[in-house]
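Chemist: Take this structure, written in structure tokens, and hold onto it; I'll ask about it next.
The values are calculated or read from the model by the stated rules, or taken from the named source; none is laboratory data. The model shown is predicted, which means the values in this text are computed figures rather than measured ones. Note that each Cβ is placed from the backbone with ideal geometry, even for glycine, and that neighbours are counted across all protein chains shown. When the accessible area is computed, the model is the full protein with side chains, heavy atoms only, and any ligands, DNA or RNA have been set aside. Shrake-Rupley method; radii C 1.70, N 1.55, O 1.52, S 1.80 Å.
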Amino acid sequence: MSDCLFCKIRDGLIPAKVIYQDDECLAFEDINPQAPTHVLFIPRKHIPTVNDISVEDQATVGHLFVAAAKVAKERSHDSNGYRVVMNTHRDAGQTVFHIHLHLLAGRPLMWPPG
Ligand code: AMP
Ligand code: ZN
């Protein structure tokens, strides 16, 4: 997708603090962090929303969770805890239409999330 912000970050056209990458995904610091750790994990494949995840994408999406858990452990959040979340459309406040798994950690996180 030529006009997708996260595809542009993936392609190096827009700068981001990339902290992890592999064949399937890329992770970078959120530009407006909501917690001491706020990292976004995106698939290299452009998938607009959770609604658009196909059966063929299952491994790719699962991979985002494996990568997020790896980074959470590296940052010693694995025992205190963390949240991984993917917002979908208006009521969840999705603003970028390339799926991304938020990793939030480093402070107590409210539940329910407002
Ligand atoms: P969502 O509301 O779930 O679609 O989340 C989009 C996230 O992308 C927000 O937390 C934004 O702060 C973040 N964001 C927007 N632009 C950038 C950018 N250029 N680099 C890093 N994060 C961004
Ligand atoms: Zn994209």
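Chemist: Identify all residues within the stretch 38-56 that are among the β-branched types (Val, Ile, Thr) and in a strand (DSSP E or B); write none if there are none.
Modeler: Once the filter is applied, which keeps residues that are among the β-branched types (Val, Ile, Thr) and in a strand (DSSP E or B), the stretch 38-56 yields 39, 42.
Chemist: State all residues of the stretch 34-60 that are of a type outside the set (A, V, I, L, M), under 30 Å from residue 108 (Cα atoms) and open to solvent by less than 60 Å² (accessible area, probe 1.4 Å); if no residue qualifies, say none.
Modeler: Answer for the stretch 34-60, where residues must be of a type outside the set (A, V, I, L, M), under 30 Å from residue 108 (Cα atoms) and open to solvent by less than 60 Å² (accessible area, probe 1.4 Å): 37, 38, 41, 43, 48, 49, 60.
Chemist: Taking the stretch 77-93, which residues are open to solvent by 50 Å² or more (accessible area, probe 1.4 Å) and polar (S, T, N, Q)?
Modeler: 79, 80
Chemist: Next question. Please count how many residues of the stretch 1-33 are open to solvent by 100 Å² or more (accessible area, probe 1.4 Å) and away from ligand 2 (no atom under 13 Å from the Cβ).
Modeler: Quick first cut of the stretch 1-33, residues open to solvent by 100 Å² or more (accessible area, probe 1.4 Å) only: 1-3, 13, 15, 17, 21, 23, 31.
From what is left, the residues that are away from ligand 2 (no atom under 13 Å from the Cβ) are 15, 17, 21, 23, 31.
Final tally of qualifying residues: 5.
Chemist: Next question, about the same structure. Would you check which residues across the stretch 75-114 are part of a loop (DSSP other than H, G, I, E, B) and charged (D, E, K, R) and list them?
Modeler: Listed by number, the residues that qualify are 75, 78, 107.
Chemist: Output the residues belonging to the stretch 75-103 that are within 14 Å of the chain's Cα centre (by Cα) and of a type in the set (Ser, Thr, Tyr).
Modeler: Hits for the stretch 75-103 are 82, 88, 95.
Chemist: Only one of (1) touching a strand residue (DSSP E or B) at 6+ places or on another chain (Cβ under 6 Å); (2) open to solvent by 100 Å² or more (accessible area, probe 1.4 Å) fails for residue 74. Which number is that?
Modeler: Status for residue 74: all satisfied but (1).
Chemist: If you don't mind, there's one more thing I want to ask. I'm trying to understand the selection: among the residues of the stretch 94-114, which are open to solvent by 40 Å² or more (accessible area, probe 1.4 Å) and either under 23 Å from residue 43 (Cα atoms) or among the acidic types (Asp, Glu) (or both)?
Modeler: Within the stretch 94-114, 95, 97 qualify.
Chemist: Of all the residues that make up the stretch 12-30, how many are within 14 Å of ligand 1 (Cβ to nearest atom) and closer than 16 Å to residue 99 by Cα?
Modeler: Number satisfying all stated conditions: 5.
Chemist: OK, next. Would it be correct to say that residue 71 is more than 16 Å from ligand 2 (Cβ to nearest atom), hydrophobic (A, V, I, L, M, F, W, C), touching a Leu at 6+ places or on another chain (Cβ under 8 Å) and more than 11 Å from residue 99 (Cα to Cα)? Please lay out each step first, then the result.
Modeler: Numbers: more than 16 Å from ligand 2 (Cβ to nearest atom): yes; hydrophobic (A, V, I, L, M, F, W, C): yes; touching a Leu at 6+ places or on another chain (Cβ under 8 Å): yes; more than 11 Å from residue 99 (Cα to Cα): yes.
So residue 71 fits the description; yes.
Chemist: Could you grab the pairs with beta carbons closer than 9 Å, sequence gap of 6+ or different chains, first residue in the stretch 9-20 and touching a residue at least 40 places away in the same chain (Cβ under 8 Å), second one aromatic (Phe, Trp, Tyr)?
Modeler: Within 9 Å, the pairs are 19/28; 20/28; 20/41.
Chemist: Got a sec? Which of 59, 16, 35, 72 is outside any loop (DSSP other than H, G, I, E, B) and under 15 Å from the mean Cα position of the chain (by Cα)?
Modeler: Being outside any loop (DSSP other than H, G, I, E, B) and under 15 Å from the mean Cα position of the chain (by Cα) holds for just one of 59, 16, 35, 72, which is 72.
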